[in-house]
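Peer 1: Please see the structure below; I have some questions.
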Amino acid sequence: MSRGALQIGNLTARIPIIQGGMGVGISLSNLAGSVAACGGVGVISTAQIGFRDPEFEKNPIATNLRVIGEEIRKARQIARGGIIGVNIMVATRQYADYVKAAVRAGADLIISGAGLPTELPKLVEGSKIKIAPIVSTVKSAKVICKLWDRHYHREPDLVVIEGPKAGGHLGFTRKQLEEFTPESYDSEVRGIVQVVREYAQKYGHDIPVALAGGIFDRKDLEHAWELGADGVQMGTRFVTTWECDADDRYKQAYLKAKKEDIVIVDSPVGMPGRAIRNHFIETKDLEPEKITRCYQCISTCDPKNTPYCITRALTRAAVGDVDNALLFCGENAWRCGRMEHVSEIMEEMYPEAICK
């Protein structure tokens, strides 16, 4: 089975693969630029994007907003004209400011989840940037498409369906994660695709759909096509690449992980998440962390009552302090067996368009 390029409005990704946005500090300019250079869609995560900057401790939000532009510019230098997007979580404090910063910096695409991006069309009005909501259920797809249609008279440029096998914060309750089977979620995907196709018909042009969550190899890409998707979004597989922006010790944690090490955890910001079991996960409830300051990351976080700081837990992961960090990952992280180049993964996934 073979399909063509991923067409997002006037943007063409000759390889129908979107690299998932992974924060904090996992998918920045080097990974995103490398994926874009190979013909896919490279995505920078804006989650605490400026954490390595000297000014971050003084003013995290202002630093993040500045670094968004810096990372996009660096990615462009690598991308050889390829597509550079950003992932901005709806739950981000001052979400609107992050969106506007991405528009000013000239990103090609904004992918937005961790909540429904109800006001995203208004925030990008007057720009050429493409916008894509992340949805996980038929219900959420109907809500966001109907809302954008009714209030803004526009449709998504792309829809990303993120399934229960994804990494990091998940758009499901624990009960839903337990109830969904591969077969039942396939049915959910078909339903979402149908919703999107109805709006595409109304607006008179295609709205591409990318399937995410557990995408690891060519077989998964072909299965996505069978379900009606036009391409895939994959994150975990790109972590163990030489080009990934994370510390090598973070990558080695993936390579060492066994299937039983991949667990669902309760994030302090009120969402379930998937991560690698380590010392931090085993002791976080026994040794609550003293919160000395707030880094203004997620709007749902209550610093006074949280057992640990999600920003500190994720930045420790990015810099390689893997025993004392939250190591977000997808369900298939244990399948990562060796370090690879982005080009190797792209060629394996889509040999019809060799990465040069």
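The values are calculated or read from the model by the stated rules, or taken from the named source; none is laboratory data. None of these values were measured; they are calculated from a predicted model. Counting neighbours? That spans all protein chains shown, and the Cβs are built from the backbone with ideal geometry, glycine included. Areas reflect the complete protein model, heavy atoms only, side chains present, ligands, DNA and RNA absent. Shrake-Rupley method; radii C 1.70, N 1.55, O 1.52, S 1.80 Å.
Peer 1: Using beta carbons and a limit of 9 Å, which pairs, at least six apart or on different chains, have the first residue in the stretch 331-356 and open to solvent by 60 Å² or more (accessible area, probe 1.4 Å) and the second one assigned to a strand (DSSP E or B) and at pLDDT 95 or above?
Peer 2: Matching pairs, first to second residue: E331/I262; W334/I262; W334/I276; H341/T241; E344/T241; E348/E340.
Peer 1: Something else now. From the set of residues in the stretch 112-139 that are out of contact with any strand residue (DSSP E or B) (no Cβ under 8 Å at 6 or more places or on another chain) and among the hydroxyl-bearing types (S, T, Y), which is nearest to C329 (Cα to Cα)?
Peer 2: T137
Peer 1: Please state which one of R190, R197, R174, R150 is at pLDDT 95 or above, at negative phi, in contact with a strand residue (DSSP E or B) (Cβ under 9 Å, 6 or more places away or on another chain) and open to solvent by 70 Å² or more (accessible area, probe 1.4 Å).
Peer 2: R197
Peer 1: Could you tell me how many of the residues in the stretch 167-193 are within 25 Å of S267 (Cα to Cα) and not aromatic (F, W, Y)?
Peer 2: Qualifying residue count, the stretch 167-193: 14.
Peer 1: Yes or no: R312 open to solvent by 20 Å² or more (accessible area, probe 1.4 Å) and assigned to a loop (DSSP other than H, G, I, E, B)?
Peer 2: It is false that R312 is open to solvent by 20 Å² or more (accessible area, probe 1.4 Å) and assigned to a loop (DSSP other than H, G, I, E, B).
Peer 1: Could you please find all residues in the stretch 7-25 being of a type in the set (A, V, I, L, M, F, W, C) and either open to solvent by 10 Å² or more (accessible area, probe 1.4 Å) or in contact with an Asp or Glu (Cβ under 6 Å, 6 or more places away or on another chain) (or both)?
Peer 2: I8, L11, M22
Peer 1: Any chance you could count how many residues in the stretch 229-266 are of a type outside the set (V, I, T), touching a Leu at 6+ places or on another chain (Cβ under 9 Å) and open to solvent by less than 30 Å² (accessible area, probe 1.4 Å)?
Peer 2: Qualifying residue count, the stretch 229-266: 11.
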